[in-house]
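Trainee: So that we are looking at the same thing, I have put the structure below in structure tokens.
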Amino acid sequence: MKNVTDSCISLVYWISAGSFGLNTNILETNIINLSVVLGVLIYFGKGVLSNLLDNRKQKIFSTIRSSEELCKGAADQLEQARVRLREVKTRADEIRISGYSEIEQEKEEILHTASANLEKLENSKNETIHLEQQRVMEQIRQQIYHQAVQRALRTLNSRLNSELHLRTIDHNIGLLRAMKNITG
């Protein structure tokens with residue numbers, strides 16, 4: 001572009017130096033002046049325009065290539081992310097299933113342990129009740145025995161006089177002699 005501008009400026013100076021002149025008024029210019037200017041512009045502008053278009057074309061192609069490479073890289077990363085997501089989902093499902101089975105096992109163990117503990121407590125309770133019943137029954141027996149002995153002593157003391165006492169002693173002595181004679 002600079003070449004075209006420099007050429008036009010040098011042409012203006014050269015033309016104004018001699019009899020040949022450049023009329024810049026479009027309405028007063030003749031066809032020869034216009035054709036010269038257009039020819040110079042086409043001749044010099046063609047290379048500049050071609051260079052500009054080639055440069056722009058190369059930039060567009062390089063931008064398209066880099067965009068395609070970035071797109072391909074992004075597609076690869078997306079596929080890798082999808083694969084990783086599938087793996088993570090599969091692992092999460094495995095962990096979830098494993099967790100559920102572990103929870104069920106622990107639940108069963110807790111229920112079994114609780115059942116065993118409850119059975120032990122029930123047995124212990126029943127044994128304690130049985131022992132308490134035996135202790136209470138023994139106390140009641142002792143009280144009944146003690147009361148019976150007390151009543152028998154009272155009855156004996158109320159009915160026993162010295163004559164009955166002597167007869168009882170004689171009778172018991174007679175029994176002892178008879179037993180001695182039998183064994184003896």
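The values are calculated or read from the model by the stated rules, or taken from the named source; none is laboratory data. Here the structure is a predicted model, which means the values were calculated and not measured. Glycine gets a Cβ as well: all are built from the backbone with ideal geometry, and neighbour counts include every protein chain shown. Note: areas computed on protein heavy atoms with side chains; ligands, DNA, RNA excluded. Shrake-Rupley method; radii C 1.70, N 1.55, O 1.52, S 1.80 Å.
Trainee: Do any GluC sites (Glu not before Pro) in the stretch 103-184 lie in a DSSP loop with no more than 13 other beta carbon atoms within 10 Å, and if so, which?
Mentor: none
Trainee: Follow-up. How would you classify the stretch 136-184 from its alpha-carbon gyration tensor, with a ≥ b ≥ c the square roots of the eigenvalues: rounded for a/c under 1.5, else prolate if a/b is greater than b/c, otherwise oblate?
Mentor: Oblate, since a/c reaches 1.5 and b/c is not below a/b.
Trainee: Given bins 5 angstrom wide, list per bin the percent of all Cα-Cα distances in the stretch 66-157, short to long.
Mentor: Here the calculated profile for the stretch 66-157 is 3, 10, 7, 7, 6, 7, 5, 6, 5, 5, 5, 4, 4, 4, 4, 3, 3, 3, 2, 2, 2, 2, 1, 1, 1, 0, 0.
Trainee: Quick one: order 43, 100 from most to least accessible surface, probe 1.4 Å.
Mentor: My answer, sorted largest first, is 43, 100.
Trainee: Which of 146, 64, 133 sits farthest toward the positive end of the charge dipole of the stretch 38-184, with +1 on the Cβ of Lys and Arg and -1 on the Cβ of Asp and Glu?
Mentor: Going by the charge dipole, the pick is 146.
Trainee: Report the dimensions of the stretch 99-142 along its three principal axes from the alpha-carbon atoms, largest first, rounded to Å.
Mentor: That works out to 63, 6, 5 Å along the principal axes.
Trainee: On to the next question. Determine the distance separating the Cα centre of the stretch 53-70 from the Cα centre of the stretch 140-156; give it in Å without decimals.
Mentor: First find each Cα centre; the distance between them is then 125 Å.
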